[in-house]
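Asks: Just dropping this structure here.
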Amino acid sequence: TGRQAYHAGYGAGAHAVAWANYATGGRSRTLSVWWLDVETENYWSTDTQQNTYVIQGALDYFQRAAGKTAGIYSTSYQWSQIAADFAPPSTPNWVAGSSYLNQWSQCDRPLWPGGKAWMIQYLNYDLDLEQNAACSTREGSPDEGRGAVPPPFTFSFGVTHQVVVDRASGVVFA
């Protein structure tokens, strides 16, 4: 049911925060922005309405219980496959799928109508790495001068969720 899916998302958020705090010796408590990794590689229901309950539950945990800003990391295609036309208000977007580094036009293409892209990502196959850029750093951006977005912190939904910690820097990734 919707209630069960919501509680699953809420619980996944709580578990991710607890695990990250444990794995980093508490250093993850200082992170102000967390990103929900909404990709088709993770486990999702074929019922997009149930998926929106899970996503909303996680967003509510981060924003209300943990006092964090929570955003969505995805591509427009994957978001539409998983969450259809769900458009959580005031939720930042980290838009993956840029064709080249600093493809600033992606900042104008949020994951859903009315959304706001905070970050874009380009998968650089030549260097075998993902390169990210904060939309606030592009010249002429309405947010220019707002400063860079805090370092990414994501967690993945699935049958189990995985949190990966760079122990040297204390940065947590999923």
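Asks: I need a count of the residues in region 47-62 that are over 17 Å from Asp37 (Cβ atoms) and touching a strand residue (DSSP E or B) at 6+ places or on another chain (Cβ under 8 Å).
Replies: Residues in region 47-62 being over 17 Å from Asp37 (Cβ atoms) and touching a strand residue (DSSP E or B) at 6+ places or on another chain (Cβ under 8 Å): 0 in total.
Asks: Okay, moving on. Taking the stated definitions as given, is Thr40 exposed (fewer than 14 other Cβ atoms within 10 Å of the Cβ), more than 14 Å from the chain's Cα centre (by Cα), β-branched (Val, Ile, Thr) and closer than 24 Å to Tyr77 by Cα?
Replies: It is false that Thr40 is exposed (fewer than 14 other Cβ atoms within 10 Å of the Cβ), more than 14 Å from the chain's Cα centre (by Cα), β-branched (Val, Ile, Thr) and closer than 24 Å to Tyr77 by Cα.
Asks: Would you confirm whether any residue within region 14-24 is touching an Asp or Glu at 6+ places or on another chain (Cβ under 7 Å) and in contact (Cβ under 8 Å) with a residue 60 or more places away in the chain?
Replies: No, there is no match, as no residue in region 14-24 is touching an Asp or Glu at 6+ places or on another chain (Cβ under 7 Å) and in contact (Cβ under 8 Å) with a residue 60 or more places away in the chain.
Asks: Is there any pair with a first residue in region 44-66 that is closer than 14 Å to Ala12 by Cβ and open to solvent by 70 Å² or more (accessible area, probe 1.4 Å) and a second that is of a type outside the set (Lys, Arg) and part of a helix (DSSP H, G or I) whose Cβ atoms are under 9 Å apart and which are 6 or more apart or on different chains, and what are they?
Replies: From residues that are closer than 14 Å to Ala12 by Cβ and open to solvent by 70 Å² or more (accessible area, probe 1.4 Å), the pairs are Tyr53/Gly2; Tyr53/Gln4; Tyr53/Ala5; Tyr53/Tyr6; Tyr53/His7; Tyr53/Ala8; Tyr53/Gly9.
Asks: Take region 1-47 and flag every residue that is aliphatic (A, V, I, L, M), within 22 Å of Ser80 (Cα to Cα) and assigned to a loop (DSSP other than H, G, I, E, B).
Replies: Answer for region 1-47, where residues must be aliphatic (A, V, I, L, M), within 22 Å of Ser80 (Cα to Cα) and assigned to a loop (DSSP other than H, G, I, E, B): just Val38.
Asks: Would you check which residues across region 78-90 are closer than 18 Å to Tyr43 by Cβ, open to solvent by 10 Å² or more (accessible area, probe 1.4 Å) and of a type outside the set (S, T, N, Q) and list them?
Replies: Ala84, Phe86
Asks: Would you please name the residue that is modelled with the lowest pLDDT, looking only at residues in region 119-141 that are surrounded by 11 or more Cβ atoms within 10 Å (Cβ to Cβ) and part of a loop (DSSP other than H, G, I, E, B)?
Replies: For region 119-141, the residue satisfying everything is Ser141.
The values are calculated or read from the model by the stated rules, or taken from the named source; none is laboratory data. The model shown is predicted, which means the values in this text are computed figures rather than measured ones. Positions of Cβ are generated from backbone atoms using ideal geometry, with glycine treated the same way; all protein chains shown enter the neighbour counts. Quick note on the areas: whole protein, heavy atoms, side chains included, nothing else; ligands and nucleic acids left out. Shrake-Rupley method; radii C 1.70, N 1.55, O 1.52, S 1.80 Å.
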